[in-house]
1. In deg cm²/dmol and to the nearest 500, what is the mean residue ellipticity at 222 nm of the chain if only DSSP H runs of at least 4 residues count, each as -39500 (n - 2.57), divided by the residue total?
2. Counting Lys and Arg as +1 and Asp and Glu as -1, each charge on the Cβ, what is the dipole of the chain about the Cα centre in debye, to the nearest 20?
3. Taking the range 95-146 on its own, what percent of its Cα-Cα pair distances exceed 15 Å?
4. Using θ = phi - 60° and the Karplus relation 6.51 cos²θ - 1.76 cosθ + 1.60, list the HN-Hα couplings for the range 193-202 in order, rounded to whole Hz, with x at every Gly or Pro.
5. Could you look at the chain and say what percent of its accessible area is carbon and sulfur, using a 1.4 Å probe and all protein chains?
6. Name the residue, out of L202, L133, L177, whose mean-square fluctuation peaks in a Gaussian network model built on the chain with Cα pairs under 10 Å.
7. Amide H of K424: which non-local residues (sequence gap of 5 or more, or other chain) have their own amide H closer than 5 Å, using H built in the peptide plane?
8. If you average the alpha carbon positions of the range 363-422 and of the range 150-227, how far apart do those two centres end up, in angstrom?
Amino acid sequence: MRYFYLYVSALIASIAGMLSGYDTGVISGALLYINNDIHTTAATTGLIVSAVSIGAVIGAILNSFLVEKIGRKKTFIFCASLFIIGSILSYFCQNIIELITSRLIIGLATGVVSFLGPLYISEISTKEKRGTLVSFYQLSLTFGILFSYVINFLCSTLENNWRIMLSFGVFPALILLIGMLFLKDTPRFLIKQNKIDEATKLLNKLDDSQDINEIIKDIQTVLKEKTKFVLTKKLIKPFVVGLGIMALQVATGINAIIYYTPTIFKMTSNQSDSIALISTIFIGVINFLMTFVAIALVDKIGRKPLLYIGLTGMLIGTIGLSSVFYFNFYAQYLAIIFITLYIISFSMSMGPIALLLTAEVFPLKYRGYAMSSAVVANFTTNFVVTAAFPVMLEKIGISSSFLIFAAIIVLTMFFVHYVVPETKGVSLEELEKNF
């Protein structure tokens with residue numbers, strides 16, 4: 001099969017996305033039961049949820065060093081080990097401090113793989129398949145969220161239910177660890193290490209129809225440019241695009257919905273925990289399936305048209321949710337409708353495309369450091385949103401909270417229109433020259 005090694009490599013790297021998604025979604029169900037063993041308040045609940053984001057910021061700061069110094073493959077192996085350690089610790093924690101610590105360790109790994117996954121896939125892909133394959137990471141992430149919702153429901157009646165929920169991520173982490181042991185690093189990193197013969201063999205395995213010599217020449221030309229980092233005019237726009245789109249991805253409210261969907265559903269009626277979790281699984285299925293739409297369209301109609309369509313749906317969803325809770329009119333059913341619309345729209349637009357753009361727009365020589373900055377922006381914003389959301393619910397109410405997200409979505413529309421470039425069908429080297 002012509003692209004067998006390429007697809008297998010992308011699939012294994014995408015397991016990191018599944019882990020990120022699992023540890024994002026699993027806390028939503030665990031929150032319903034943690035208070036049975038460990039007393040929490042609105043503030044400590046926010047800390048438990050946002051601990052992953054705190055760890056991710058630290059991971060994002062470290063990841064540029066890891067990726068550029070030890071390589072993409074070894075960094076994957078390191079992160080898989082952290083996921084395993086954090087998952088095991090989460091089962092045995094006895095208090096809030098220990099629970100937050102286990103979540104911090106998982107967050108550390110999440111912060112690295114959130115840019116390492118798209119980076120690795122983009123660097124092994126041809127320009128024709130890059131958009132589709134990088135979207136595999138987002139697809140895997142949404143599958144991880146769905147998987148966590150299913151595990152939450154299946155474990156809800158078990159003893160130590162929330163402990164089992166939080167620790168179940170050890171299994172995909174083991175698959176990632178074992179899988180990466182059999183893969184190579186990316187051609188661009190190998191060339192950067194002057195391993196030309198190894199890079200040539202790898203490029204032939206990825207797609208033997210390519211002009212290998214021309215690809216190597218293009219990469220070497222980019223790498224020969226001045227190495228000292230200076231934020232020149234050439235670099236300002238890709239940095240604004242990358243950092244901006246990653247911060248806005250979560251500022252539009254996605255993780256508030258992912259983390260707190262069962263809580264939101266329980267606020268709409270006197271549903272049992274199990275019914276709330278089943279409703280959440282429905283949302284997870286929609287989130288997963290709609291990512292296929294993005295994969296099918298991202299390299300056909302382009303990045304910006306999908307962003308416009310998705311942001312419009314997200315805006316309607318957040319305004320609708322705000323109205324539902326303000327007027328309290330058939331809230332149980334309308335809340336599901338508007339959350340579903342929001343998830344459909346996000347999953348085909350801001351979810352995969354924000355990650356794709358950050359993997360595309362940064363110059364090769366600074367890509368590791370630049371994507372670290374983008375992930376820091378993403379998880380710093382994530383921390384603010386997830387830590388503040390339960391307090392916002394308590395202080396200003398759910399209706400006003402979603403109006404704030406609606407205003408941010410409008411801001412994002414202007415950002416996409418005036419700042420974000422269309423990268424469809426353009427090679428990474430051409431993008432760099434254009435900037």
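The values are calculated or read from the model by the stated rules, or taken from the named source; none is laboratory data. Keep in mind that this is a model prediction, so the values were computed, not measured. All Cβ positions, even for glycine, are placed from backbone atoms using ideal geometry, and neighbour counts span all protein chains on display. Side chains included, ligands, DNA and RNA excluded: accessible areas come from the protein's heavy atoms. Shrake-Rupley method; radii C 1.70, N 1.55, O 1.52, S 1.80 Å.
1. Theoretical 222 nm ellipticity from helices: -28000 deg cm²/dmol.
2. So the dipole magnitude of the chain works out to roughly 1000 debye.
3. That tail contains 57 percent of the Cα-Cα pairs.
4. Ordered by residue, 3J(HN,Hα) equals 8, 6, 9, 5, 4, 5, 5, 4, 4, 5 Hz.
5. On the chain, the fraction of accessible area on carbon and sulfur atoms equals 67 percent.
6. Looking only at L202, L133, L177, the largest GNM fluctuation is found for L202.
7. Under 5 Å from the amide H of K424 lie the amide H atoms of R303, each far enough along the sequence or on another chain.
8. Each part's Cα centre sits 27 Å from the other's.
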